[in-house]
Amino acid sequence: MQEQYLPQQIEKEIQHFWHEKNTFHVTEDVNREKFYCLSMFPYPSGNLHMGHVRNYTIGDVITRHQIMLGKNVLQPMGFDAFGLPAENAAIKNKVSPAKWTRENIAHIRSQMMRMGFAYDWNREIITCDPDYYRWEQWLFLKMYKAGLAYRKEAEVNWDPVDQTVLANEQVVNGRGWRSGALVERRAIPQWFLKITAYADELLNDIDQLEHWPQQVKTMQRNWIGRSEGVELQFNIEDNEPVSVYTTRIDTLFGVTYLAIAPQHPLAEKYAKDNTALQEFIASCRNIKVAEADMATMEKKGMPLNIHAIHPFTHEKLPIWVANFVLMEYGAGALMAVPAHDQRDFEFAQKYQLPIKQVIKPRDGSNCDLTKSAFTELGIVINSGDFSDKISETVKALLTKVIEHENLGKAQIHYRLRDWGVSRQRYWGSPIPIIYCDHCGTVPVPEKELPVVLPEDVSFEGVASPLKSMPSFYETECPTCKQPARRETDTFDTFVESSWYFARFACKKQSQAMLDGRANYWLSVDQYIGGIEHAVLHLLYARFFHKVMRDEGLLNSNEPFIRLLSQGMVLNQGVKMSKSKGNVVDPQTLIDRYGADTVRLFIIFASPPEQSLEWSDSGVEGAHRFLRRLWTFCFEKRELIQKQNRLPISNQLGSTNWEEANREQLEVFRKVYQILDQAKFDYERQQYNTVVSSCMKIMNLLTEMPASDKAKGDIYDIVIHKSISILLRLLAPITPHITHQLWQDLGFEGIIHDASWPKSSPITFKMDTIELVIQVNGKLRSRIRVPHHADKQQIESIVKADEKIASHLQETSIKKIIHVPGKLVNIVTGEVS
């Protein structure tokens, strides 16, 4: 064993050992409990950043812990390789996206290996490989056949910089999630996946996700947005009726105007002869689509100068085109009740429209409708025969009347919209569809899959080169054999990440998308990734999982049993980013301190779900602890090696534990007490306190009294067993140093295969225990009493203690407070 801790040297050797032995390769074993641990795979944009390192370190700690518990553990890794950044980099740097992507993958893979992550690299997935995307093309055709994939012209979010369509989820604050450009609204033909067909199941099954963060479940529920309401018809002067959807039919008598979306057919009709209205509608092309944005944006509108007729009061209600109304919601029109909806209120105030109160608070209080809308349920007023009833009652009554009079119907509505998956850019999986002048839309035959994306391309601007490549798009109709044209749109990159977790189970299967191994490994037992994927990725993955189940590929309902959303890595109080100039390069730290130091700091600095504040001194502190551990083990190496040469049955020695050195025995007892706490912390994934426990054990060992054979000495036993425990507790967190020390100190096998430490092998119920003695709450002494002493015996021993006796002179004892096994507090008063 070398005297100095040289992390770069030992880490390189150990990683080579793991590679040579294929240590982390795993196969199915029905006789063992399986555990599938998965971290969200990265987009290969260049280098690993600290957010990646934290995510993957947490996943690796979980994996290694589960291995030591004896489970059959799978932890794979891959790369989410398609997407706009590669394409934009190719245009900028005049290099093909395929070359740029694969070079980045090679670099990131080497960084991951330097971190010592326990990945089964035999299962590596790169989503731009044809043998991967072939099967999502296959599944798409299955969905097309089942009516779950369809094409239609639709209003979409158009990114004018990236020249592609974005899903609503990919529009952030009205801008493209990657380019940052203001998003426009355009009508173009698009392919959609019918995620709404699974809306109820996606919503209801959230209740089964017991081990998901509540915040994520709430975000999913809100995005699906199930609501029960009424679809109601309003007659329009000289026009067809307009449908509106409302969840607050109890406010019907408070409607003072109708608001329609700029893209509503009625708006387009009246804009033909109205230049100002045309200009207003054009200005709404950059409408923000997020609910939060709609609530806070400035409300703008124009009147159509026509009226709707209230179905009950027959009042004439002005119709306005408003920028806060979306075609995607309801039918693109809403009944505006400014007294009881805040957006309607703000619009009404701006344009001096009437505000009519029809709901009052149940507690009889007043609401100031000059300042804001009253949006709660309450008691209905000013509503004819429906007045003086509570909102819930009026909702039911009005719904029945509306349905009876054929004015509308009860309806369940979802905020969730079908997923538009067409992208007008190049670097993505081709959509396997052919267009024929004679046969229309024709699926590519399964035997012709995959439709391979050509990788040798050149760019002119940002337009997809596929559109100008006859060698790609010119083809033959599979049905009539006439000349036809391939679809040149590619899949949204979120399609690849919606099923990769399943393909890891049977990556090398060439005859099917999945096989029986998927049912062995799925569902994923532990999934780790950022909260930013709470809607986009997780909802799509849940949808795909259910589709694959219904195709007979899987027998489980949900992809991820347990979800851990790790916090951000902060530097100087803000998230690390290149633009802020506060990025810390993981590679620099690895080169200087070693991977174990980086891993230890990341785990120790914060609980996994909370943000981590970067600290250079914290990294140095982590390194000092590892050096201290190494030095201690080096100094005690002969002692520990000697103990390890003994038969296991003799490693606790022949000591009479009743006569063992009390101070050493107390250290031994505390080590096992700390072990039990650390095991509990591992189970609840509070790994930062596990590190604290390891540091406590280290302190106990370094402060323990030296060996004294004349006093029932158990020093060698305590050191040996405690280091065995300490190394195994640290092994999931710092795998390299613990691997090396385990080997150098002569422990059996490799620590990767070692069993998880068990609770105390001896009874630590000693014949005496130590109690803290206080007088009026102040520490005055420490004494030992028989383990089974009762209160009367303890009080007699306490009073006989010289230190305590001196504090009881000229006072009277008012009461004695016992905290069993810990302390005695004597409360005194003046002698009368």
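The values are calculated or read from the model by the stated rules, or taken from the named source; none is laboratory data. What you are looking at is a predicted structure, and each value in this text was computed from that prediction instead of being measured. Note: ideal-geometry Cβ built from the backbone for every residue, glycine included; neighbour counts use all protein chains shown. Just so you know, the surface numbers come from the protein's heavy atoms only, side chains and all, with ligands and any DNA or RNA stripped out. Shrake-Rupley method; radii C 1.70, N 1.55, O 1.52, S 1.80 Å.
Some points to look at:
- Applying a DSSP loop filter and a limit of 11 other Cβ atoms within 10 Å to the GluC sites (Glu not before Pro) in region 769-832 leaves 810.
- C-alpha long axis of helix 662-683 to longest principal axis of the chain, angle in °: 10
- Rg ratio (alpha-carbon, reference 2.2 N^0.38 Å) - region 388-448: 2.26
- Region 17-103: projected area of the alpha-carbon convex hull, averaged over directions, in nm²: 7.4
- Here the gap between residue 368 and residue 415, fully extended at 0.36 nm per residue and compared with their Cα-Cα distance, gives a gain of 13.9 nm.
- For the set 34/696; 145/272; 152/350; 395/546; 142/217; 71/670, the pairs lying more than 31 angstrom apart at their alpha carbons are 34/696; 145/272; 152/350; 395/546.
- On Cα atoms only, tilt of 97-114 relative to the major axis of the chain in degrees: 20
- Length, then width, then depth: along the principal axes, the Cα atoms of region 676-808 run 58, 39, 24 Å.
- Close amide H contacts of residue 308 (hydrogens built in the peptide plane, cut-off under 5 Å, sequence separation of 5 or more or a different chain): 317, 319.
- Within the accessible area of the chain (1.4 Å probe), percent carbon and sulfur: 48
- Put simply, the C-alpha atoms of region 4-66 give a gyration tensor, and the ellipsoid matching it has half-axes of 24, 20, 12 Å, longest first.
- Note on region 533-639: percent of Cα-Cα distances in each 10 Å bin, starting at 0 and stopping at the bin with the largest distance, equals 12, 27, 22, 19, 14, 4, 0.
- Dividing the Cα radius of gyration of region 489-533 by 2.2 N^0.38 Å, with N the residue count, gives 1.35.
- Checking (i) -0.55, -0.91; (ii) -0.62, -0.89; (iii) -0.73, -1.01 against the coordinates, the calculated log10 I(q)/I(0) by the Debye sum over Cα atoms at q = 0.07, 0.09 Å⁻¹ falls under label (iii).
- Degrees separating the helix 214-224 axis from the principal Cα axis of the chain, which is the longest one: 10
- Put a dot 7 Å past the Cα of residue 755, heading toward its Cβ, do the same for residue 396, and the two dots end up 6.2 nm apart.
- Rg in Å to one decimal, and Dmax rounded to a whole Å, for region 362-416 via C-alpha atoms: 14.1, 38
- Debye log10 I(q)/I(0) for region 393-488, one point scatterer per Cα, at q = 0.16 Å⁻¹: -0.74
- Rg/Rg_globular for region 149-285, with Rg_globular taken as 2.2 N^0.38 Å and Rg from C-alpha atoms: 1.32
- Farthest positive-ward along region 458-550 dipole, Cα basis, beta-carbon charges - from 491, 509, 470: 509
- Computed about the Cα centre, the dipole magnitude for region 587-686 is approximately 380 debye when only Lys and Arg (+1) and Asp and Glu (-1) carry charge, each at its Cβ.
- Legend: calculated FRET efficiency, residue 153 to residue 16, from the Cβ-Cβ distance at R0 = 51 Å, rounded to 0.05, equals 0.30.
- Spin-label model, residue 272/residue 161: points 7 Å from Cα along the beta carbon direction are separated by 3.8 nm.
- Sites residue 297 and residue 816 - FRET efficiency at Förster radius 60 Å, r taken between beta-carbons, to 0.05: 0.30
- Reach of residue 99 by Cα under 20 Å, taken over lysines that are not fewer than 8 positions away in the same chain: none
- Using a Förster distance of 35 Å, the FRET efficiency for residue 282-residue 113 (Cβ separation, nearest 0.05): 0.05
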